[in-house]
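The values are calculated or read from the model by the stated rules, or taken from the named source; none is laboratory data. Everything numeric here is computed off the predicted structure, so don't read it as measured data. Note: ideal-geometry Cβ built from the backbone for every residue, glycine included; neighbour counts use all protein chains shown. These accessible areas exclude ligands, DNA and RNA; they are computed on the full protein's heavy atoms, side chains included. Shrake-Rupley method; radii C 1.70, N 1.55, O 1.52, S 1.80 Å.
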Amino acid sequence: MQEIQSLIGGFQVALSWFNLMLMLAGIILGVIIGVLPGLGGANGVAILLPLTFSMASQPGGTTSAIILLSCIYWGALFGGAITSILFNIPGEPWSVATTFDGYPLAQKGRPGAALTAAFTSSFVGALVAVLLITFMAPLVAKFALRFGPPEFFAVYLLTFCAFVGMSKGSPFKTIASMMLGFALAAVGTDTVTGQLRLTYGFMELLRGFDFLIAVIGLFGIGEILLTIEEGLEFKGAKAKLDMRVVLDTWKELPRYWLTSVRSSIVGCLMGIVPGGATPASFMSYGLAKKMSPDGPKFGTGMVEGVVAPETAAHAAGTSALLPMLTLGVPGSPTAAVLLGGLLIWGLQPGPLLFVEKPDFVWGLIASMYLGNIVGLIVVLTCVPLFAAILRVPFAIIAPVILVICAIGAYTVHSSMFDVWMMLVFGVMGYAFKKLDYPMAPLVLALVLGDSAENAFRQAMLGSQGDLRAFFSNALVGTITGLALLLLFWPLISKGLEIVRGRNGSNGQGA
Amino acid sequence: MTYRLSFRSRLAALAGVLLTAMSVPALAAWEPTKTVEFIVPAGTGGGADQMARLIQSIIAKHNLMKQPMVVVNKGGGAGAEGFLDMKGAKGDPHKIVITLSNLFTTPLATGVPFNWKDLTPVRMMALDEFVLWVNSETPYKNAKEYVDAVKAGGANKFKMGGTGSKQEDQILTAAIEKQSGAKFTYIPYKGGGEVATQLVGKHVDSTVNNPIEAVAQWRAGSLRPLCVFDTQRMPYKEKVTKDMAWGDIPTCKEAGLDANYLMLRGIFMPGGATPDQVAYYVGVLEKVSQTPEWKKFIEEGAFNTTALKGKDYADWVAKNEQLHQNLMKEAGFLAK
Amino acid sequence: MDEARQEKAVGSLRLWEIVAALLFLAAGALVVYDSRRLGSTWGSDGPEAGYFPFYIGVIICIASVINLISALKPGAAGDKPFVTWEQLKMVLIVMVPYAVYVALIANPLYSLGIYEASVIFIAVFMRYLGKYTWLKIGAVSVGTVAAFFVMFEIWFKVPLPKGPIEALLGFQ
């Protein structure tokens, strides 16, 4: 139980008024960053990095500095859900899956419930991840090392398989939509050969289609257009605006404990690997839809459909710090900037960090507990405030949202071309909705397509084109097997039913 | 040695002195009038990004510039995004870019219409070394043993991991192959840290990571350096692990593998920058390189401290472009 | 008469289904064409750069042909309106000014920058769709944009396209 002792030491480092103030400041800043699409956690962390310099040069200051920076990160994780739920605009990539049920919930007049569920499950996910980091860090780091290209591909495959078969409409529309997502993901430079793909000589297309631009357009602009069709107002304005909604939602949440547990596991695994928070949220949503008794009702505004992606996203986002600390490999762009910070302060992330700078590491881990508690309190008290935004008259809030969308699209690459692309995606989103083309498969393919293809081709380079690479050891074989099992689950369950049915009739006949 | 000056020439001299007196403060007076954008033609977290953010932090901490500086990552298309942005900003003195080898490799490999001559060289900050690494659980004690094993293993049996495709790591791999006759399977990854981790996890057999990318794993005993791809050993004597300093790593030439390669970490401005604008940034960067933070960073990352400016720098870049052209032509990496 | 026109549909669902399927087909063809240039076979060391895009393009083409056929099939569902004039008018009332707004931010002739353009956009929107007084309009549009300015330019130092007023204030 050496960890507990170290952790108590960590709390002693982290628990000072100064550090608590920093946490509060960091969380608030982070929430703002999370709310505004295009302003990522990486921005906030990068901007404050120089400031932390002078902090870090004081004794014990590196801990304060990392507390400030990591709290921005927690804040951004919390904040991403807010616009997803209220306006169908994901503030961050990992909150796309939150829109699937969060936005319908808000439209049904329960924005407070959706926000409370999102924040609370974020906290639960983070807590599980921090516990994992506290007690199993060295073990987990070793596990992460076992992931090579075939394993990564298997994980992406698993994400797809967990998610497909979701939409009800025409299967060929789903296929067309998903394949379009893959095609868009392929645009730009090919990592494996360095060739330019599908750019047709347009230099603006070199960097490919950014996921956020597509999502802001498809979901945000598209939704505004659909809303406008019906008249100039947002639904869900009649929401109750007191703190009771938090307690009421809390009473409902324990019902979804199984989903929480499953999503935490998915999130932690994906964070450690590091597969990232975005695929984690998609995978977790897909699994919850497949396994929950209420699965068929997902997408119509189920609290459980908010719990699943948010728990997984926050668990992944938090556990992504583990590979950064122990291996020096950042699990996300934000973690990458944090990593830069460590190096500049004279800390060397890597296997020895836990041995050489225990004060720092355990201070950071303690701040993960504290930062998330502070964050939860901050965002929960603001639930009525956030929900009240829906009461702002449409003619005021709609142009502001449209402006935010434009700014968000611009900031991704500082490019006006992207803003125009967002407009195109907006019209596309509107048409897709009207014509019953599902958008979620497109978005999933866009976010994972490139990484999945890279991993596949890296694996093929390594095995000289031998497909058996995906079954070459127990780990990759298990993941691939699970993926295939999920993919064919509808068929298998049918088969099982038939077998069971026959057994039953046999029993009767005998 | 005395001689008389005519009134005319004295007048001219006087005017000259006056002119210089007037123009000297005018020259030194150029300063940014707004936020300076520091473009990184690569993603967050890589070597160039780290150095750019360090320079930004040092400038902010020591108040070396009156206007703020922001780091902007433009890594799309193997850095082409950032370079094309710089090319389009001709004459804009409020933009600088930090380069890595993709300054040469990206235009050559993809045919993107860009050349370093579209930029104005400011100052070379350092050169990044390359080291041949293997997993410490493998038996290879030096480069020769390893290369022999690769040759004995047969073509494509050993995997070399590296950053990107047709960029520095793969060019260097091609150079090793040409020198030794060994044949690797090159596997491209997205970032240097990822490559080092893949080597620790034994998903590849060797890497040519920069020192800073692999140092943490080396200190933890997971990786073993075999040789450095430079003409001489690195000068750093302080022990990094229990019994080795950077300086104890032999050069690859000593080990019988005559290949060397260094990567540029230099700063450029857009084309058409005036000499006083260049002088301003050179001044700021000189001050940066005098700070203790910079020196510490350079030593931890075991950089080659060559620093050039002005014509020397431009000549160096031109020579290196030719070198890349040759290396990539031999390896068949040029755009068709 | 005017009312009758407003109830009228802008094309049937079927028509637009066909248009969408044809657009998908075109996109698929573009993908296939460029993938062939890149090399779309399974080389000695795994798939080439165009291998996956090639098949993705082919699948898009096949799926869109099937979608096209099912759209062409006669049936009551296809005769439903895609969008009525009234609805389309609402959508255009928002989309056209929005496109103008984006064009105003930066264009070859005279760029207003994102902040000035946003003030105008919010003001126009509030005036014509909300009928607010100019006082309220001024407060909301300038206030919101000023907040964005502080957040992006000063706080987070994310440079956005700027226009003449910022230039006067010394921000460029």
Query raised in the report: What ratio of Cα Rg to 2.2 N^0.38 Å holds for region B:47-114?
Result: 1.22
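Going through the cross-link list A:434/C:162; A:433/C:157; A:433/C:162; A:108/A:173; B:159/B:190, which pairs have a Cα-Cα distance over 26 Å in this structure? Mind showing how you got there, number by number?
On the way: A:434/C:162 37 Å; A:433/C:157 37 Å; A:433/C:162 35 Å; A:108/A:173 28 Å; B:159/B:190 16 Å.
Flagged as over cut-off: A:434/C:162; A:433/C:157; A:433/C:162; A:108/A:173.
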Query raised in the report: To the nearest 0.05, how large is the calculated FRET efficiency for residue A:482 and residue A:297 if R₀ is 41 Å and r is the Cβ-Cβ distance?
Result: 0.95
Query - Shielding by partners - mean other protein chain Cβ count within 10 Å, residues of B:46-53 - result: 3
Requested in this report: For chain B, take the alpha-carbon Rg, divide it by the Kirkwood Rh, and send me Rg/Rh.
Outcome: 1.06
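Divide by every residue of chain B the summed helix terms, -39500 (n - 2.57) for each DSSP H run of at least 4, and state the resulting mean residue ellipticity at 222 nm, rounded to the nearest 500 deg cm²/dmol.
Working: 11 runs with 144 residues, N = 336.
Counting only the DSSP helices, I get -13500 deg cm²/dmol.
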Report task. Using θ = phi - 60° and the Karplus relation 6.51 cos²θ - 1.76 cosθ + 1.60, list the HN-Hα couplings for region A:243-252 in order, rounded to whole Hz, with x at every Gly or Pro. Result -> 6, 4, 4, 5, 5, 4, 5, 4, 5, 7
Report task. For residue A:494, go through the lysines and keep the ones whose alpha-carbon is under 19 Å away, minus same-chain ones fewer than eight residues off. Result -> A:168, A:289, A:290
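Taking R0 as 45 Å, what's the FRET efficiency between residue B:151 and residue B:314 from their Cβ-Cβ distance, rounded to 0.05? Walk me through the numbers before you get to the answer.
Details: r = 40 Å, r/R0 = 0.90.
The computed FRET efficiency comes out at 0.65.
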Query raised in the report: Using the reciprocal of the averaged 1/r over all distinct C-alpha pairs, how large is the Kirkwood radius of region C:7-79 in Å?
Result: 13.7 Å
Requested in this report: Give me the angle, in degrees from 0 to 90, between the Cα long axis of helix C:113-125 and the longest principal axis of the Cα atoms of chain C, rounded to the nearest 10.
Outcome: 90 degrees
**Report entry** Per-pair calculated FRET efficiency, R0 = 45 Å: residue A:3 and residue B:62 via Cβ, rounded to 0.05
**Finding:** 0.65
Query raised in the report: Percent relative contact order of chain A, based on C-alpha pairs within less than 8 angstrom and at least six residues apart?
Result: 28 percent
Query raised in the report: Between residue C:79 and residue A:51, what is the label-to-label distance in nm when each label sits 7 Å out along the Cα-to-Cβ direction?
Result: 6.5 nm
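I need the semi-axes of the equivalent ellipsoid of region B:168-255: take the C-alpha gyration tensor, multiply each eigenvalue by 5, square-root it, list largest first in whole angstrom. Write down the numbers at each step before the final one.
Details: eigenvalues 89, 64, 21 Å².
Gyration-tensor ellipsoid for region B:168-255: 21, 18, 10 Å.
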Query raised in the report: Between B:241, B:259, B:171, whose Cα lies farthest towards the positive end of the dipole of region B:169-274 when Lys and Arg beta carbons carry +1 and Asp and Glu beta carbons carry -1, centred on the Cα centre?
Result: B:241
Query raised in the report: Roughly what would the spin-label model give for residue B:179 and residue B:274, points 7 Å off Cα along C-beta, in nm?
Result: 4.7 nm
Query raised in the report: PRE reach from residue B:306 (point 7 Å along Cα→Cβ): which of region B:224-259 fall under 16 Å by backbone N?
Result: B:228-235, B:252-253, B:259
Query raised in the report: With each label point set 7 Å from Cα along the Cα-Cβ vector, what nm distance links residue A:242 and residue B:232?
Result: 8.0 nm
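Roughly how many debye, to the nearest 20, is the charge dipole of region A:2-472 about its Cα centre, given +1 on each Lys and Arg Cβ, -1 on each Asp and Glu Cβ, and no other charges? It would help to have the intermediate numbers written out before the result.
Working: 24 positive and 24 negative charges, 151 e Å.
The calculated dipole for region A:2-472 is roughly 720 debye.
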Report summary line: Averaged over the residues of C:141-149, the number of partner chain Cβ atoms within 10 Å of each residue's own Cβ comes to 2
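Take each of the peptides B:64-76, A:65-77, A:422-434, average the number of other beta-carbon atoms within 10 Å over its residues, and list them starting from the highest. Numbers along the way, then the final one.
Details: B:64-76: 19.4, A:65-77: 28.1, A:422-434: 21.2.
The most tightly packed comes first, giving A:65-77, A:422-434, B:64-76.
For the protein assembly as shown, what is the accessible area per residue in Å² when the probe is 1.4 Å?
Numbers: 40500 Å² over 1018 residues.
For the protein assembly as shown, the solvent-accessible area averages 40 Å² per residue.
Kirkwood Rh and Cα-based Rg: tell me the resulting Rg over Rh for region A:370-510, rounded to two decimals.
On the way: Rg = 25.2 Å, Rh = 21.7 Å.
Across region A:370-510, the Cα-based Rg/Rh ratio is 1.16.
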Requested in this report: Leaving out ligands, DNA and RNA, calculate the buried accessible area for the pair A and C with a 1.4 Å probe, summed over both sides, in Å² to the nearest 100.
Outcome: 5700 Å²
Query raised in the report: Which of A:360, A:340, A:403 sits closest to the plus end of the dipole of chain A, meaning its Cα is farthest towards the positive end, when Lys and Arg get +1 and Asp and Glu get -1 on the C-beta?
Result: A:403
Requested in this report: Can you check how the C-alpha radius of gyration of region B:223-336 compares to 2.2 N^0.38 Å, as a plain ratio?
Outcome: 1.32
Query raised in the report: Taking every pair of alpha-carbon atoms in region A:163-218, what share in percent sits in each 10 Å bin, from 0 to the bin with the longest distance?
Result: 21, 41, 28, 10
Report task. Helix by helix through chain B, keep the DSSP H runs that span 24 Å or more along the axis on Cα and average at least 0.0 on Kyte-Doolittle, and give those back in order. Result -> B:7-28
Requested in this report: Enter the buried accessible area of the A/B pair, total of both sides, probe 1.4 Å, in Å² rounded to the nearest 100.
Outcome: 3600 Å²
**Report entry** Dipole moment magnitude, nearest 20 debye, region B:166-282 about Cα centre, only Lys, Arg, Asp, Glu C-beta charged
**Finding:** 240 debye
Report summary line: Cα-based Rg and Dmax for chain C, in Å, come out at 24.3, 71
Report summary line: Quick P(r) readout (chain A; Cα-Cα; 20 Å bins; whole %) gives 23, 56, 19, 1, 0
Query - Mean projected area in nm² (Cα convex hull; one quarter of hull surface) for the protein assembly as shown - result: 52.5 nm²
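If packing is taken as the average number of other Cβ atoms within 10 Å across a peptide's residues, how do A:86-99, B:143-156 rank, most packed first?
Details: A:86-99: 28.8, B:143-156: 17.2.
The densest-packed peptide leads the list: A:86-99, B:143-156.
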Requested in this report: Excluding residues fewer than 8 places away in the same chain, name every one of the lysines whose C-alpha is closer than 18 Å to that of residue B:319.
Outcome: B:117, B:309, B:311, B:329
Query raised in the report: How do the peptides A:190-201, C:155-166, B:166-177 rank, highest first, by the average count of neighbouring beta carbon atoms within 10 Å per residue?
Result: B:166-177, A:190-201, C:155-166
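How large is the dipole of the protein assembly as shown about the Cα centre if only Lys and Arg carry +1 and Asp and Glu carry -1, each at its Cβ, rounded to the nearest 20 debye? Present the calculation step by step, with values, prior to reporting the outcome.
Details: 79 positive and 70 negative charges, 89 e Å.
Once rounded to the nearest 20, the dipole reads 420 debye.
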Report summary line: For peptide B:99-109, the mean count of other chain Cβ atoms within 10 Å per residue Cβ is 1
Report summary line: With all protein chains present, the protein assembly as shown has a carbon and sulfur share of its accessible area (1.4 Å probe) in percent of 64 percent
Report task. Using DSSP, restrict attention to beta bridges with both residues in the protein assembly as shown and report what percent are antiparallel, rounded to the nearest 5. Result -> 60 percent
